[in-house]
Amino acid sequence: MDRDWARLGAALKAAREDLGLEQQQVAEQIGVKRGALRNIEIGDFSRVTPTVRTYARIVGWTEASIDTVLSGGDPTKVAAPSEESATVVTGTPEELPLRIQAALAADGPVLDTAVISLFGAEGADDDVQMVVVVKGRSTATPEQIHKALLQWERTEAQIRRSGSQ
């Protein structure tokens, strides 16, 4: 099946507009020029890059949504935690180590989050999970944030690969 790059670009643009975001805002968040974002939105690209992945995260899509849209389906929004699921959490931020509390409280945008299953004995992959919060510094430039996101994507891929071995 052919991958429909123009369809993906149009879907990203529609999601951006639904959120009331301007092209320039998203371009700055990602760390690219507005023209690069325009090229994505008109389908003038032929591979999924870190920029496209970041764009999808900004508009609230799940990780699998890019491939789904390229194949003709509809994107899935990341589910917002419900009040019910929030009460299931057994730890509170106050119970986290002080260095983690300080890092979470520091000024700067949250760039990404991930929940990664750590594979336990006998392939029981849901026994333990790792929660990662990727934060930027409030003084970081868009280029520095973009570079950090690229590094995080490589690191996340390595972690996920090592857990599946």
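Scanning region 15-34 for residues that are surrounded by fewer than 20 Cβ atoms within 10 Å (Cβ to Cβ) and more than 15 Å from Glu143 (Cβ to Cβ) yields a total of 10.
Condition check: modelled with pLDDT of 90 or more and either of a type in the set (Val, Ile, Thr) or not assigned by TED's automatic domain parsing to the domain that holds Leu150 (or both). Does Gly60 satisfy that?
Spelling it out, it is not the case that Gly60 is modelled with pLDDT of 90 or more and either of a type in the set (Val, Ile, Thr) or not assigned by TED's automatic domain parsing to the domain that holds Leu150 (or both).
Against the numbered list (1) crowded, with 20+ Cβ neighbours inside 10 Å; (2) under 28 Å from Ser138 (Cα atoms); (3) touching a residue at least 24 places away in the same chain (Cβ under 8 Å), Leu8 comes up short only at (2). Among the residues of region 57-66, just one is touching a Leu at 6+ places or on another chain (Cβ under 9 Å), farther than 14 Å from His146 by Cα and assigned to a helix (DSSP H, G or I), namely Ile66.
Filter region 109-153 down to residues that are farther than 26 Å from Gln25 by Cβ and either modelled with pLDDT of 80 or more or assigned to a helix (DSSP H, G or I) (or both), then give me how many there are.
Just the residues of region 109-153 that are farther than 26 Å from Gln25 by Cβ, to begin with: 115-131.
Then keep just the ones that are either modelled with pLDDT of 80 or more or assigned to a helix (DSSP H, G or I) (or both); that gives 121-123, 130-131.
So the answer is 5.
The values are calculated or read from the model by the stated rules, or taken from the named source; none is laboratory data. None of the values given here were measured: they were computed from a predicted structure. All Cβ positions, even for glycine, are placed from backbone atoms using ideal geometry, and neighbour counts span all protein chains on display.
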